[in-house]
1. May I ask you to verify whether Phe141 is aromatic (Phe, Trp, Tyr), modelled with pLDDT of 80 or more and assigned to a strand (DSSP E or B)?
2. Test Glu49 against the stated conditions and say whether it is surrounded by 10 or more Cβ atoms within 10 Å (Cβ to Cβ), under 13 Å from the mean Cα position of the chain (by Cα) and within 20 Å of Val177 (Cα to Cα).
3. Collect the residues in segment 158-169 that are in a helix (DSSP H, G or I), touching a residue at least 24 places away in the same chain (Cβ under 8 Å) and open to solvent by 30 Å² or more (accessible area, probe 1.4 Å), keeping them in residue-number order.
4. Go through segment 129-149 residue by residue and tally those that are surrounded by fewer than 14 Cβ atoms within 10 Å (Cβ to Cβ), basic (Lys, Arg) and more than 22 Å from Glu56 (Cα to Cα).
5. Check Thr93 against each of (1) surrounded by 11 or more Cβ atoms within 10 Å (Cβ to Cβ); (2) modelled with pLDDT of 75 or more; (3) of a type in the set (S, T, N, Q) and name the one condition it does not meet.
6. Mind checking whether some residue in segment 55-73 is hydrophobic (A, V, I, L, M, F, W, C), at pLDDT 85 or above and surrounded by 13 or more Cβ atoms within 10 Å (Cβ to Cβ)?
7. Determine, yes or no, whether Ile147 is at pLDDT 85 or above, farther than 17 Å from Leu52 by Cα and in a strand (DSSP E or B).
Amino acid sequence: MSKHSIIRSELEGMQARTQQSQMKSLFSAIFSSTTKQNPYIPVTIKIPEYDLLRAEVFLEDVMESIDREYEVSMIELTALLVKDFLRVTSTNTKLEELKNNLMSRKSEYLSTKEKVKEWVEVAPGHNALRERERVRRRRYFELQLEIPRKVALRAEIILYDLEQMYAPFQMTLEDLVTILILDFVHQLQTGKQKEIVKKFVSNFC
């Protein structure tokens with residue numbers, strides 16, 4: 001998916017509908033504008049294999065705990081995470097704080113390198129602990145998802161606004177989705193599972 005593709009698609013659709021309404025009668029324009037676009041946006045991201053497995057195990061645990069007859073997929077989890085992101089950003093988050101938070105998480109989760117500490121001999125018989133960067137040793141799984149179009153459009157507009165206000169900021173919808181999933185897994189790893197389960201169940205029960 002190219003950058004801001006959903007925004008461009010919506011603008012092109014608006015332009016087409018405007019042209020149609022100018023050429024046709026009001027009655028026919030109303031019905032021509034009801035042609036529905038695909039209500040979902042395909043998004044392809046790459047997730048470290050362990051993190052994807054951890055998220056799927058969580059989904060299985062939740063479904064067992066609430067005894068649901070159907071399965072909640074990664075698609076539904078992703079849609080929930082994006083919706084929650086939009087809810088939080090529309091209520092009490094300042095744009096500069098949001099920008100800093102997203103850039104920090106992008107550096108943490110999407111960087112192809114990681115910092116490691118190792119002992120290095122600096123003089124005969126003397127070692128010192130030094131920090132260096134190395135390529136992350138991870139295996140990735142390509143995950144194909146679908147997000148409700150309206151949700152994806154709102155998220156992309158937020159990213160566009162941040163890019164216009166803060167020159168260094170650059171982030172695609174795919175980046176955002178990946179960050180939200182990896183941050184979710186991080187919360188599971190840091191002992192916030194009960195809080196997450198409560199929020200999750202309230203959305204699906």
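1. Numbers: aromatic (Phe, Trp, Tyr): yes; modelled with pLDDT of 80 or more: yes; assigned to a strand (DSSP E or B): yes.
Yes; evaluated as a whole, the condition is true for this residue.
2. Numbers: surrounded by 10 or more Cβ atoms within 10 Å (Cβ to Cβ): yes; under 13 Å from the mean Cα position of the chain (by Cα): no; within 20 Å of Val177 (Cα to Cα): yes.
No.
3. Scanning segment 158-169 gives Ile158, Tyr160, Asp161, Met165.
4. 4
5. Condition (2) is where Thr93 drops out.
6. Among the residues of segment 55-73, at least one is hydrophobic (A, V, I, L, M, F, W, C), at pLDDT 85 or above and surrounded by 13 or more Cβ atoms within 10 Å (Cβ to Cβ), which makes the answer yes.
7. Working: at pLDDT 85 or above: yes; farther than 17 Å from Leu52 by Cα: yes; in a strand (DSSP E or B): yes.
Answer is yes for this residue.
Condition check ((1) surrounded by 11 or more Cβ atoms within 10 Å (Cβ to Cβ); (2) assigned to a helix (DSSP H, G or I); (3) modelled with pLDDT under 90) across all residues:
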position: Lys117; (1), (2), (3): no, no, yes
position: Asn127; (1), (2), (3): yes, no, yes
position: Met171; (1), (2), (3): yes, no, no
position: Ile179; (1), (2), (3): yes, yes, no
position: Leu182; (1), (2), (3): yes, yes, no
position: Gly191; (1), (2), (3): no, no, yes
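The values are calculated or read from the model by the stated rules, or taken from the named source; none is laboratory data. Quick caveat, the model's predicted, so the values are computed rather than measured. Neighbour counts are summed over all protein chains in view; Cβ atoms, including those assigned to glycine, are modelled from backbone coordinates with ideal geometry. SASA here: full protein model, heavy atoms, side chains in, ligands and nucleic acids out. Shrake-Rupley method; radii C 1.70, N 1.55, O 1.52, S 1.80 Å.
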